[in-house]
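Just below is one structure, and these are the notes that go with it.
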Amino acid sequence: MRNSRTGWLLLSPTLIILLIFGFAPFLYVLFVGFNQWNVFSAEDGLIFNGLDNFRRLVFDADFLHSVGLTARFAIFAIGSEVVLGFVLAQMLTRNFPGKSLFRIIHTLPLMVAPIAVGAIWRLLVIPGFGPVPFFLDRWFDLQYQIGTYPDQALWTSVIMDVWHWTPFVTLTMLAGLTAIPKEPVEQAKVDGASRFQVFWYVTLPFLRPVLLTTVFIRIMDAIRTVDEVWMLAGGGPGTRFTGIYIWRVVFPRTDYGYGSSISIITLYLTIVLCWLLFIAISGRRKGETE
Amino acid sequence: MKKIFTLVLLLAFALLANMSLVTADHHGWWVEAAAPYAGTTIRGVSESTPPSNYVADVLAAQFTELTGINVEFETTSWDQMYSKAINDMEANTGIYDFVYIEQDIIYSYLAQDYLVNLTQFAGDNPDLAYASYDESAFTSFADYFKNADGDLFGVPMEAFVKVYLYRKDLFEDADIMAAFEADYGYALAPAETFEQYRDNAEFFTAYGESMDMDLWGTTVQGSTGHPASTYEFLESIGPSFGLYNWGINLETGSAQSANGGALDGDTAVAALDYWVGLLPFAPPEATSSTWDEVASSFAAGRAAQGWVYGENAAWIATDDSRSAITGNVGVRLPVTAEGVIEAAEMGDGYIGYYDGGAFGIPHSSRNKEATLLWLQFIGQPSVQAEWAAAGARITHTATFDDPLIAEQDTKVDGYYTLLEEQGPLFAGAPPFPFHAQVREIIDPFIHRVILGELTAAEGLSQAAMAVDEELDRLGYGM
């Protein structure tokens, strides 16, 4: 009993902080989401409008478009990061000349703030001044203008995200790979398993918890991506992701009610997506236990 | 003779003594008035523009030296400036003691009662009222920051018009002039009609390509990820075609032609069609360009002509460290459709945007008295001329006659004279209490027209409908 009380006492600062800075704001956003509230409207204050905001977003073409774009961004960026991260992590489990230097250089992007990453990439790709459009035009006669071609803006965002976050995936994968016991791998090889069979039946199952955690983190990051993409293209065509759309609704439009409802739905979609992914990767079904 | 000489000498001495006494007296007034607030730090936020940067780099330091009041002045991006100021004032947090009020947002701020009535506040605090600060010294631009009673809510700190700039070195080159005349059958000159503007743009783009130069025919403030493109269309191109007040009829609360609006009307469609039609003659960065990039592109010599905010005119024309075309900048009124200038002269319209802003004190400020001193400091006549020369902004009528400005005027091809004499043809943004909200609604449609996903007619028709829906939601609709 005393142990339990001491435990709660020790936990209480964390719980209080979580309650104040995590749960209370969430409840507030939930409350605002059921109201019409624009500070520049003719009527002051919050006006309860039930589910109107949620109904509105179902028919909001811009919001739906932003969800579609975010999904494309997340799938391509995270997919590339996982594949690249795994390959690099495999590489780093072996010895090769310059490995330490490579590991340092490879990890550097992780240390750069997202806003700085966006600024660097903007300087690289800005039409008229950036080296990337210049050389693409000179060498391949390719018109590369992220302000004019939405697909180019989207792909540039994906590549920028991959550049920024692949090191994170590599490091987590590397931790997972080095934690795999040698015996099952060696046993599989002795039993005549091919490299692919070793990977599929031994490495991947051991790596599954790490993979799941990494993908979860990256999905949450990708869905709330704002700063670096904002710096890159200002939320222009091809990059008006959900996070940027929410920012536009809440800040320049000061439509706090509608912005809150979009935030709630985005959170809900993130949770559902992560849950579905959890089931898919872990293979857990209803009724199964640990 | 000796007596006269002695008399003149005595008079001169007396005058000098009097001047130094006045200066010392003024200095003493600031020190005395600011004494209770010495050591206080006042904070402000503004967009990073040439006039704002002058405030941050020069005026803030001078004020601190004189009064002991510290000024922390944040110059940031346009979007961030608005977000920070509005959030602070709405939440009443009191982070900022003075905020930049762009002319177009003043109506929203006044409607929300965010700002302190400066005239009244100074009247209530006579000890803080500086004798040389005179509200009547401001140009008529200050009227945008007054209420119906004539009380001022912001001290104007910048005011300029968006003008037509062109490269004199190109337009006055004999070979180029001959080539143009051979191609188009009339003499090359700064544009006075839209057809001429387009011909110029087309010609210089082709010329740049044939000479393997990084030169295009025109600037276009056509960012597809920023409101700058909407602003260029609604506040520069639209009015020059005769589209006023964003095509929104405040009486009917509608932007649709069917309900008295004009955003989807023939004039608006013609204006947007024309403007988007200039994109092939603009530098490749045009679709990523806000007002800053337009000024930079023009300063880099990448466009032969363009619509450029006047605050940039001075540095583009004179600052060798930032501009490749110093000494070669021509300034004219922007081109207009037939009858638009006449309508503006009659007071029935305007030809473009009279832009600018003021510093105001939010009610949420915790240091209103110290900030009032600061605003009077930047609003006094003695600091105006150098500030105007650095930032191409004029807010005091007397500044136009200052010798420094007269000298600068010749270097900027008469920009200041144009501002003084033809400034009244321009106008500030319409008095919308929903400025940013409705502009945000229009943005995506303008962006899609620029990208070619919608025609001008489709884009404006959809925009007008969306604006009406938003006006309804905001409670300003029909």
task = Give just the number: which of (1) without any contact (Cβ under 8 Å) to a residue 60 or more places away in the chain; (2) over 30 Å from A:L174 (Cβ atoms); (3) part of a loop (DSSP other than H, G, I, E, B) does A:G238 not satisfy?
result = (1)
ask   = Could you list, in sequence order, the residues of the stretch B:133-153 that are farther than 23 Å from B:E421 by Cβ and in contact with a Ser or Thr (Cβ under 7 Å, 6 or more places away or on another chain)?
value = B:E135, B:D151, B:L152
remark   = For the stretch B:206-249 the number of residues that are within 11 Å of another protein chain (Cβ to nearest Cβ) and either surrounded by fewer than 24 Cβ atoms within 10 Å (Cβ to Cβ) or in a helix (DSSP H, G or I) (or both) is 4
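Residue-by-condition table, conditions (1) assigned to a helix (DSSP H, G or I); (2) among the aromatic types (F, W, Y); (3) closer than 30 Å to A:V117 by Cα; (4) within 14 Å of another protein chain (Cβ to nearest Cβ):
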site	(1), (2), (3), (4)
A:D137	yes, no, yes, yes
A:V169	yes, no, yes, no
A:V185	yes, no, no, no
A:K189	yes, no, no, no
A:Q197	yes, no, no, no
A:P205	yes, no, no, no
A:V210	yes, no, yes, no
message = Show me the helices (runs of 4 or more DSSP H) entirely contained within the stretch B:314-401 in which 3 or more residues are out of contact with any strand residue (DSSP E or B) (no Cβ under 7 Å at 6 or more places or on another chain) and not assigned by TED's automatic domain parsing to the domain that holds B:L243.
response = B:368-379, B:384-391
message = Looking at B:A343, B:A282, B:A270, can you tell me which residue is within 14 Å of chain A (Cβ to nearest Cβ) and touching a residue at least 12 places away in the same chain (Cβ under 8 Å)?
response = B:A282
task = Have a look at A:P114, A:P167, A:P97, A:P109 and point out the one that is surrounded by fewer than 16 Cβ atoms within 10 Å (Cβ to Cβ) and of a type outside the set (S, T, N, Q).
result = A:P97
request  = Go through the residues of the stretch B:63-74 one by one and say whether even a single one is more than 13 Å from B:G154 (Cβ to Cβ), of a type in the set (A, V, I, L, M) and not in a helix (DSSP H, G or I).
outcome  = yes
query = What about B:T397, is it over 24 Å from B:R167 (Cα atoms) and among the polar types (S, T, N, Q)?
reply = yes
ask   = From B:D104, B:D97, which residue is closer than 30 Å to B:L250 by Cβ, of a type in the set (D, E, K, R) and touching a residue at least 40 places away in the same chain (Cβ under 8 Å)?
value = B:D104
query = Using beta carbons and a limit of 7 Å, which pairs, at least six apart or on different chains, have the first residue in the stretch B:410-434 and within 14 Å of another protein chain (Cβ to nearest Cβ) and the second one β-branched (V, I, T)?
reply = B:F432/B:V438
query = Somewhere in the stretch A:64-74, is a residue surrounded by 15 or more Cβ atoms within 10 Å (Cβ to Cβ), within 14 Å of chain B (Cβ to nearest Cβ) and closer than 16 Å to A:V250 by Cβ?
reply = yes
task = Please find, among A:F241, A:F216, the residue that is more than 10 Å from every other protein chain (Cβ to nearest Cβ) and buried (at least 23 other Cβ atoms within 10 Å of the Cβ).
result = A:F241
task = Report yes if some residue within the stretch B:304-316 is surrounded by fewer than 22 Cβ atoms within 10 Å (Cβ to Cβ) and more than 17 Å from B:E158 (Cβ to Cβ); otherwise report no.
result = no
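The values are calculated or read from the model by the stated rules, or taken from the named source; none is laboratory data. These numbers come from a predicted model, not from an experiment. Glycine gets a Cβ as well: all are built from the backbone with ideal geometry, and neighbour counts include every protein chain shown.
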